[in-house]
Every structure is written in structure tokens, then in C-alpha cells.
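Each reported figure results from applying straightforward, stated rules to the coordinates on display, with no laboratory input. Because the structure is a prediction, the values reported are computed rather than measured. Don't worry about glycine lacking a Cβ; one is built from the backbone with ideal geometry, like all the others, and counts go over all protein chains shown.
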Amino acid sequence: MVKMRDKNIAFGRCRLSGKCGGCEYNGTYYEKQLKQKQTYLEKLLGTFGKVEPVIGMEDPFYYRNKVHHALKKDRSGNIISGPYEKGTHWVLQSDECLIEDKKSQEIIHFIRKLIKSFHIKIYDEDTGYGCLRHILIRRGFQSGETMVVLVIGNDSLPSANHFTKALVKQYPEIKTVVLNYNGRKTSMILGEREKVLYGPGFIKDELCGKTFRISSSSFYQVNPVQTEVLYNTAISFAYLRGNETIIDAYCGIGTIGLAASGRAGNVIGIELNKNAVRDARRNTKENEVKNAHFFAGDAGEFMQKMAARGEKADVVFMDPPRAGSNKRFMDCLIRIKVPKIVYVSCGPESLARDLRYLTGNGYRVEKIQPVDMFPWTGHVETVCLLSKLSGAKNSIDVKVDMDELDVTSAETKATYEEIKVYVLEQTGLQVSNLYIAQVKRECGIIERENYNKPKSEESRQPQCPEEKKTAIVEALKHYHMI
């Protein structure tokens, strides 16, 4: 388990607890958070293999290098900033957040003072009147470089040059200030247009021995300390020897691919966001990497074209969004028979779904390693290594208990745990082995002798409720057991 400097500090408390929705584990000891995440992952992913202990942080506070505050005036006319109240667009005043970078919070508090002294009007979402809507701070923890993004709801920021000079004078570590235009009634923070008020329009940071250029909209992991743990784990899972062709799918600004480039023969990165690809290519030049190439486009389409050309890849790193991958992309992995897949997931539920599909189509899960990227929240990242099964029948050696051998062909298609997980994900219902066995018998699937049978004729077992029976039947149909 993780070591911490002070057990008392591990018990975080925030006055916005239960309001902003950001920290579900607020007020819970950090060790207990890790145990709860471990239990959750074991229930969800345990059918695929051993889930290693979650790698936690030594100091799980103030880790977010990207800090966003919405702006609003309260009923007394004071300027407030902070997150939205959960499920609303009501801005909560945040003076100190336990997970946001301290320096970034300090800069935001100073900007609030500047707004008042420069008499800049705050944007009103209801009327569409006003100027400043959001403040976004991005900071490189290794480089110390800081970016300030001011999001406005109209076409200009009054006294923009003087405002910027006052800000940079107070905080010289600010290397760039960007003005972003977003006049639409939308929940999106950033608009599509922007203007650089100061500096180059980007900052740089170091990660896994490489330098990365970060723009206002670039995807860059928000916890740099744990990101190094996450990426080093993913790269170690690939067992690279120096001559492999690897694909970095959903590559963003190229972080995983470039971090792995020194151990591979050829790196191909694919990303839908054109701005991120532009940054990835610049990062390639910045780090003088000669064997990495990045392309803008859909990862699934790119893989389809590779498959059509008969091209191969030795390893695919895939780091999809929380919703997970899609069938088209995974079918391409299956079609070109990628020997190793390293799946980096930020959504355990979608990961379980995708693992079921891949393991049902010729792959097996070799390793599962969770990394706590988001302490105090319910989120957790997981790295999985999958390998392609070899042989004409994709057969592998497995250890089987003797009493497991007497099963019907239908029974081998899905385990009880897989059925439970499927039912839980689809309906939210929890079902027992007993209920599954009862429904199997009703559907004509013969169970092993004495399996879940009453101990005596007089014994009465609880019968599966109709709602759960329907859900189990759907699961059996999903696994082609009936």
C-alpha cells in the first residue's frame, strides 16, 4: 500500500463536499479509498485475471495541473469563481480545493482582483451579456511554465494588454496568456477561436524523459506524478526489444508513443483532434525523435486501411476516452492479428465491456494494473496487457479443477461471474449463482449434478424474481447460450 507522510492529512475535508461533485471520497481516509477501488475493480475485472493492487500516491493532494473556474457575480455583486454545483450551472465559490494545483488557485484569486480593478464585466449565461466567462490555468509541474486562458463571451477584452502586463508582472512564471472566444450557449468551456495576448501560445513540460508542447485544448493528463507511473507501466507491459512497429491509438499530443519511441523500431500515432496532432508532430521534432509519425484521423478507419493493405503492427497502445473503444476499431485489431495490445483505460465499465469482446475473439488478458490517477474521486485508470492466442484453435493451457470438467457446451460459453457482471451493467440488478442456475435449468441448460440443488427434499430455496429472471435470460441470449 501507499506510504504517506501523515495519516491525519490523508483525511481530506472540503466545505464544498457533496456540492461540486468532484470528490466523492471527501472525508474518507486515502488508504480506504484505495481498498474500495480495489474491491470495485476486482468485481468488475476479476473474471479476466488477477487485478494487481492499485498504485496510489504518496501525497494525494493538489495534483491537478489543469484548473478551471467559472465566473459569476453573487447577489451582493461580488465576483466569485469555482466549479459548478453538481447537476447545475450555479457557480460555487472555491477558495481552496484539495486536488487543484495551489499556484494555479493563487493565480485565479489574483485574476479576480484584477477583474474588479479593471472594471471588466462578468458574462451572464442567462442574458448573454458581459465579457469574462471562465479562467483556465495549465501548469507544467516539471518545467514550472504556466498558461492562462481567459474565456470571453463577446469579441473583446477591455484593456487586454494592461490586464496581461499586470498579471505577468505578478507571476513571471506565466509564459503565455491566451484569449479564447466562446459566445455560444454551451456547456463547453473553450470556443473554437483564440488569440494569443502574451508569449508563444503554449507551454512545455517534461514527462517520461521527453518534452511536450501543450496548447490550450491539448489533451495532457492532469496528474503528472501518476502519469509517469501509468505510462511506464504501459510501456513495460509491451516488453519492447527495439525493433517493433507500434501504434499509438487515440494518441493526443503523442505522449505514450514518444515515451516508447526509444525502445521501438517504428511508432505510428493516430488522433482525431488535428490541433493535438500538430502538437504531436512538433513534440517529435522538439525531442529529435526520428522513428515516430503522427496522423490526423479516426483510429478505426486508419486501422481498416492498414488491414486492407495487409500491414501489420507488433504492439498497439490504445488509450480511448471514458466511453471506451468501438467495435470497428477492435475488429481491425482482430483482423490484423496484433500480437500485443496494451489498453490504458480511464473507464472500468467500458474496459470490462471491451475486454469481453476481445477475449471472445482470440485474445487473453495477461496483466491488469490499476493506477490511482484521481485521488478523492471515484475514477481510476487501469492498464491491461492482452496477447493474441496462438494455434489453429487459439488454444491455451489452463488449470481446471476436476469438478469443473462435467459441464455442458452451453455452460462453457460464459461463467457465472460474467453473467453477473453483464446483468449488473445492463440493468443495475445483482443476481446470485442460485438464480442463474435456476434460470439455466428452466432454459434447458443442464447443470452439473448436485450443483445448487437443495440439501434435502424438504429444503426450500428462494426462487428467482421475474425481473431478475428476465435479465438473466437476456444475458444467456447475449452469450449465445440459448
Taking θ = phi - 60°, what integer Hz values does the Karplus form 6.51 cos²θ - 1.76 cosθ + 1.60 yield along region 59-71, in sequence order, with x for Gly and Pro? 10, x, 10, 6, 8, 6, 8, 10, 10, 10, 10, 7, 10
Can you list residues whose amide H is under 5 Å from Gly269's amide H, if they're 5+ apart or on another chain and H is modeled 1.01 Å from N? Asp248, His293, Phe294, Phe295
Whichever lysines have a C-alpha closer than 24 Å to that of Lys312, once near sequence neighbours (fewer than 8 apart) are set aside: Lys290, Lys327, Lys337, Lys340, Lys367, Lys388, Lys393
As a test, work out the antiparallel percent of DSSP beta bridges whose residues both lie in the chain, rounded to the nearest 5. 60
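If you stretched the chain out fully between Lys305 and Lys35, how much longer would it get, using 0.36 nm times the residue separation minus the C-alpha to C-alpha distance?
Extra length available between Lys305 and Lys35 comes to 92.9 nm.
Provide, as a two-decimal number, the C-alpha radius of gyration of the chain over 2.2 N^0.38 Å, N being how many residues it has. Display every interim value, and only then the final one.
Working: Rg = 26.0 Å, N = 482, 2.2 N^0.38 = 23.0 Å.
This ratio for the chain stands at 1.13.
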Two-site label geometry, Glu286 and Glu442: point separation in nm, points 7 Å out along Cα→Cβ: 6.1
In whole Hz, what ³J(HN,Hα) sequence does region 134-140 give by Karplus (6.51, -1.76, 1.60; θ = phi - 60°), x for Gly and Pro? 9, 10, 10, 10, 10, 9, x
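Using only Cα atoms, what is the ratio of the radius of gyration of region 64-207 to 2.2 N^0.38 Å?
Working: Rg = 14.3 Å, N = 144, 2.2 N^0.38 = 14.5 Å.
My calculation over the Cα atoms of region 64-207 gives 0.98.
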Between region 218-292 and region 159-191, what is the C-alpha centre distance in whole Å? 29
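Rounded to the nearest 0.05, what FRET efficiency do Gln463 and Asn78 give with R0 = 60 Å and r taken as the Cβ-Cβ distance? Could you check?
On the way: r = 62 Å, r/R0 = 1.03.
Efficiency computed from Cβ-Cβ geometry: 0.45.
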In whole percents, the bins of 5 Å from zero upward hold the Cα-Cα pairs of region 180-313 as 2, 10, 18, 20, 20, 14, 8, 5, 3, 1, 0
